[in-house]
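The values are calculated or read from the model by the stated rules, or taken from the named source; none is laboratory data. Everything quoted here is computed from the prediction, not taken from an experiment. Note that we place each Cβ from the backbone using ideal geometry, even for glycine, and neighbour counts take in every protein chain shown.
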Amino acid sequence: MMRLGLDVSAVPDRVAGAGRYIVELARRLPEDGTEVTLAARRGDGERWRSWSSASVRDVVPAHRPLRLAYEATLLGRAPLLRGLDVWHGPHYTMPRGAPVPVVVTIHDLTLFTHPQYHERAKVRFFQHAIAYAARHAAVLIAVSDWTAARLDEVVGEHAPVVVAPHGVDLDRFSPQGDDEAAWAASHLDRRRPYVLFVGTLEPRKGVDVLLAAFAEVGRANPDLELWLAGQRGWHADALEAAVASHPLRERIVPLGYVADDLLPALLRGARAVAYPSRVEGFGLPVLEALACGAPVATTAGTVMAEVAGSAAALSPVGDAAALATSLEYLTRLEGTQRAHVAARAVAQAQTYTWERSLRAHRRAYQMAEARGA
């Protein structure tokens, strides 16, 4: 049995995006027969023990700068790594001087290709971290073919790459579900028709494009609302100002961070789900929406188009008029047409399972162990 160390210390209190990926690995790998040790932040062990049957060591400093410094300078010599076969850094970074082979997950290369969408300090740090991992990791995991191709373009020579797309929990995200309790607790009016966005509110997510598109679609559909589900991100002030000055602002509903039990209900109830992000490494909200059978509008020429295949309406990046056309079509679907779109969406989502993702992860771990032998 492989003995794997998994760094879960970067997952914030409110799980989203890459954090969801790490939670799924922590939960599923021990069930897959791997002996897993989780490295968590101090004081965060109870949360991880409630999610995973793995052994949990909450030894990593909680404060972010100290956490990153600990990983870079001390973790490689810490007792935590002794007796392991492979260490997995699931969020770009890795310990220096590790006594075992290291696997590192690269989610996207936007810190190189689109630095304007990130804080300057974050750009400098993660550009260095990714370049270091590319040279020193035993194996890199890319979360999509899109990300793997960007690695070749941006980083140049690097460690072997295993592409391991995310999965979707098909029990939780499905066209049917018992949503009554979640809706009741939310105090939202599910009878109102709405377009749903799910994601962190930050510039690269294309929320500004969605707001412009909704100005057109909402005028033609006077009952339609726009619901924005997600926590504030970098540069959210400009987006909040755009919402406040929007001509249909009374029909825009900021939901903030959405609890796990409410999210599938929101996706199932939406007239359409819009995810007009400019650039991503994967785009998990698109996959979760498809799994719920929701009509999805997202951006062409991106990884979301790779994930969605022919099951989503695609519009060019930044093109509000084209997005409005897609949403106008999707929100008016009824009967047989809507059922056909839902069936195609679900069929596409079912090709992305966590079982498939774990098989690719196991392959990466085995490659790393062999390279370290």
Any chance Leu140 is at pLDDT below 95 and under 23 Å from Thr302 (Cα atoms) = no
Which residues, taken from segment 193-240, are in contact with a Pro (Cβ under 7 Å, 6 or more places away or on another chain), small (Gly, Ala, Ser) and surrounded by fewer than 20 Cβ atoms within 10 Å (Cβ to Cβ)?
-> Ala215
Pair list, Cβ under 9 Å, 6 or more apart: segment 4-22 residue in contact (Cβ under 8 Å) with a residue 40 or more places away in the chain and surrounded by 18 or more Cβ atoms within 10 Å (Cβ to Cβ), other residue basic (Lys, Arg) and in a helix (DSSP H, G or I) | Ser9/Arg67; Ala10/Arg64; Ala10/Arg67
Return the pairs, sorted by first residue and then second, in which the second residue is aromatic (Phe, Trp, Tyr), the first residue lies in segment 119-130 and is without any contact (Cβ under 8 Å) to a residue 12 or more places away in the chain, the beta carbons are less than 9 Å apart, and the residues are 6+ apart or on different chains.
-> Lys122/Trp234
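Please go through segment 64-104 and give me each residue that is aromatic (Phe, Trp, Tyr) and on the phi > 0 side of the Ramachandran plot, ordered by number. First the steps, then the outcome.
Filtering segment 64-104 down to residues aromatic (Phe, Trp, Tyr) leaves 70, 87, 92.
Correct list: Tyr92 only.
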Considering every residue within segment 144-157, establish whether at least one is in a strand (DSSP E or B) and not polar (S, T, N, Q).
-> no
Listed residues Arg82, Arg64, Arg77, Arg47; which is under 28 Å from Trp234 (Cβ atoms), among the basic types (Lys, Arg) and surrounded by fewer than 17 Cβ atoms within 10 Å (Cβ to Cβ)?
-> Arg64
Has segment 159-172 got at least one residue that is assigned by TED's automatic domain parsing to the domain that holds Leu109, part of a loop (DSSP other than H, G, I, E, B) and farther than 21 Å from Leu284 by Cα?
-> yes
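Take the conditions touching a residue at least 24 places away in the same chain (Cβ under 8 Å), within 30 Å of Ala320 (Cβ to Cβ) and aliphatic (A, V, I, L, M) and apply them to Val163. Does it pass? Show your work before the answer.
Numbers: touching a residue at least 24 places away in the same chain (Cβ under 8 Å): yes; within 30 Å of Ala320 (Cβ to Cβ): no; aliphatic (A, V, I, L, M): yes.
Taking the combined requirement at face value, the residue does not satisfy it.
If only one of Val217, Val253 is assigned by TED's automatic domain parsing to the domain that holds Thr331, within 23 Å of the chain's Cα centre (by Cα) and within 15 Å of Val195 (Cβ to Cβ), which one is it?
Val253
Rundown of residues vs (1) under 29 Å from Ile106 (Cβ atoms); (2) among the acidic types (Asp, Glu); (3) at pLDDT 95 or above, yes/no style:
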residue	(1), (2), (3)
Ala213	no, no, yes
Gly230	yes, no, no
Asp237	no, yes, no
Ala242	no, no, no
Ser245	no, no, yes
Pro254	no, no, yes
Leu266	no, no, yes
Gly269	no, no, yes
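Do we have any residue at all in segment 239-248 that's under 25 Å from Arg20 (Cα atoms) and polar (S, T, N, Q)?
Filtering segment 239-248 for residues under 25 Å from Arg20 (Cα atoms) gives 239.
Then drop every residue that is not polar (S, T, N, Q), which leaves none.
Scanning segment 239-248 turns up no residue that is under 25 Å from Arg20 (Cα atoms) and polar (S, T, N, Q).
How about segment 270-373: which strands (runs of 3 or more DSSP E) wholly inside it have at least 2 residues that are free of Cβ contacts under 8 Å to residues at least 60 places away in the same chain?
On the way: elements: 272-275, 296-299, 313-315.
Per the criteria, 296-299, 313-315.
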Would you pick out the residues in segment 173-203 that are of a type in the set (Ser, Thr, Tyr) and either part of a strand (DSSP E or B) or on the phi > 0 side of the Ramachandran plot (or both)?
-> Tyr194
